[in-house]
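Presented below is the structure to which this report refers.
The values are calculated or read from the model by the stated rules, or taken from the named source; none is laboratory data. Just so you know, these numbers come straight off a predicted model, no measurement behind them. All Cβ positions, glycine included, derive from the backbone under ideal geometry; neighbour counts span all protein chains shown.
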Amino acid sequence: MEAETLKPMKIVSTRGMTVDTQEYHPEPRVAAIVASHEHPEFIVNVKETGKILLVNYEDPENLTVTEIGAARFLHDGGWDATKRYFLTAANQSDKIAVIDSHERKLVALTDVTKIPHPGRGANIVDPEFGPVWVTSALGNANVTFLGTDPQSHPDHAWKVVRTLEGQGGGSLFVKSHPESSNLWVDTPLNPDATISQGIAVYDVKNLAAGYEVLPIAEWAGLGEGPKRVVQPEYNKAGTEVWFSVWSGKGQESAIVVVDDKTRQLKHVIKGPEIVTP
């Protein structure tokens, strides 16, 4: 699309054969699109076929598309800290696919536990294993660390190096920040309200200590509703973490702001305009 007008310039079909059974799929969905930092191209996850497309946009009239077979049911993902490697979940295949965006190829397909759901994932420096990328999961309580430094830590690269126990399954997002030692893990789809209404936070420097749970929904001071706490996001400086508290469209929702250093409540934003933020 044209950036200023969003007018379509080129439409490319994602229909094709699945990577495993080689069956034709007539209507596969695009689950994620990210822009490469290495080449003028978009990296596109095609969910049902399990293919990752590298779409070069230098010449839209003569579009070049490179097809990489990964695993079926590709979903969301994010960059490692260097922004060279794109790590993405094939959630119903229980795998993480790793794309080297510089070399434009698949470098790993790593087995993980049931239904990984990283969002963009989180990048931290593990005190034992060095740079890692973190994902949580919909299907279990695990918080999984994959090594991401093939230069300085080649023995750990693209392997599961650490698994932490979280609050429970039903997680959608993990979050960290270069200026923080906290790792935040939500669980908004857990059936237990005491879990879905709180947030787990780990100290990266002391992972063995486990997690602390902050009562985000309670701090929001809302009325009736599921009050699911979802998607921690940092401010630019890394001093605050913002959480959405989701309820139904006819119920009160909120945004809760927490001080990252003290893990204490700073502010609650709510009102009639804040509907499932």
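Give just the number: which of (1) in a helix (DSSP H, G or I); (2) within 21 Å of the chain's Cα centre (by Cα) does GLU61 not satisfy? The single condition GLU61 does not satisfy is (2). Looking at segment 244-254, is at least one residue surrounded by fewer than 16 Cβ atoms within 10 Å (Cβ to Cβ), outside any loop (DSSP other than H, G, I, E, B) and in contact with a Phe, Trp or Tyr (Cβ under 9 Å, 6 or more places away or on another chain)? No, that holds for no residue.
Here the condition is being closer than 24 Å to THR144 by Cα and buried (at least 19 other Cβ atoms within 10 Å of the Cβ); of ALA200, ALA193, it holds for ALA200 alone. If you scan segment 101-133, which residues turn out to be hydroxyl-bearing (Ser, Thr, Tyr) and either in a loop (DSSP other than H, G, I, E, B) or without any contact (Cβ under 8 Å) to a residue 12 or more places away in the chain (or both)? Hits for segment 101-133 are SER101, THR113.
Within segment 1-25, residues that are closer than 20 Å to LEU106 by Cβ reach partners that are among the hydroxyl-bearing types (Ser, Thr, Tyr) and modelled with pLDDT of 95 or more with beta carbons closer than 6 Å, at six or more positions or on different chains, in the pairs GLY16/THR49; MET17/TYR24; THR18/THR49; HIS25/THR18; HIS25/THR49. Screening VAL98 on (1) surrounded by fewer than 20 Cβ atoms within 10 Å (Cβ to Cβ); (2) assigned to a strand (DSSP E or B); (3) among the aliphatic types (A, V, I, L, M); (4) in contact (Cβ under 8 Å) with a residue 60 or more places away in the chain shows it passes everything except condition (1).
If the condition is being crowded, with 23+ Cβ neighbours inside 10 Å, of a type outside the set (S, T, N, Q), assigned to a loop (DSSP other than H, G, I, E, B) and over 12 Å from the mean Cα position of the chain (by Cα), then segment 162-187 contributes GLY166, GLY170, HIS177.
Scan segment 213-238 for residues that are within 16 Å of SER171 (Cα to Cα) and either touching a Cys at 6+ places or on another chain (Cβ under 7 Å) or assigned to a strand (DSSP E or B) (or both) and the total you get is 8.
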